[in-house]
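Shown next, in structure tokens, is the structure this report addresses.
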Amino acid sequence: MSRMPKRFTVSDALRYRRKHQIANQRLINNSIDQITKAIKHKSSIKLVYSQYPAAFEYVSKKFPDVPIKSVEIYRCDASYLNEIGLGGIGGCYSCFMQVIVISHEYEHQSVSDDIWGSVRATATIDEIIVHELLHYVSLHTGARASSMEVEEEFAYSNSIEYLRQKGYSDDDIVEKNFLPYFMTIVDTKQIVLDVFGEHGYFMDDLLKLSKDKLLKLTKKYDEEVFHLVKKAAIEKAKELIELNDNHDKEYYDEINDFSGISFDL
């Protein structure tokens, strides 16, 4: 006689919730520890308003009710950031500490020989400051985006005007600032399956392959997949710019309103 499945009780739900809370708190503590180490390191330099007035003034004028100039910004050694688990960042905003950390060597990163690593943002320090201050704007009242993608789109869309003021064309904005992020939100898995399918390899065939053979097949069509992913990422980035240009004032009053607990694009 088969045993009846165990019922999921209120106690189970409470235990699960508690475990989830503990896991989240560990992540928060780890993030605070990383940022604290970064800003206290002997090589870290605190940046001030007078060094990048255009960046601060741009965000401040766009969102006059947000205390932009109160945010602390530190330029930190890239190798040390890598050592403490923050390697590869251009900048990051800690909502727990209201501090922005920027990689000291970010403007001078070399381009990787790897085809995927060749896609790198060439944003300057002031452009990174604008982007991270916009994250501060979106979170300063405790409001949260409905997803990381919405949060990033808010920051990228609200930085377009600043980049244009610096003389960037829309193509420049995509290539120098937007592309690396948009590469990460393309449905790469579907593109891989589509490419395999075009070459006669369908899901049933792929499931029968060993890991080594699947890896060889992936490498064989890697460049083709890369170019399709990059094309899709460019299209997504340009769609965001077009959305930014075409929506009326009422739309932007809505997504830039932080009086509630959340916002959505």
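Here are some notes:
- Alpha-carbon centroids, region 166-190 and region 44-70: separation in whole Å: 25 Å
- Taking 184, 122, 9 and counting other C-beta atoms within 10 Å, the order from fewest to most: 9, 184, 122
- Relative packing of peptides 205-218, 229-242 - highest average C-beta neighbours within 10 Å first: 229-242, 205-218
- Sorted by Cβ neighbour density within 10 Å, fewest at the top, the residues 97, 203: 203, 97
- Unsatisfied cross-links (Cα-Cα over 24 Å) in the set 189/220; 62/238; 69/166; 176/216; 69/238; 176/220: 176/216; 69/238; 176/220
- Using the Cβ-Cβ distance between residue 227 and residue 204 with R0 set to 25 Å, the FRET efficiency from 1/(1 + (r/R0)^6) comes to roughly 0.40.
No value in this document is a laboratory result; all are computed from the given coordinates. These numbers were taken from a predicted model, which means no experiment stands behind them. Cβ coordinates were reconstructed from backbone atoms using ideal geometry, including for glycine residues, and neighbour counts include every protein chain displayed.
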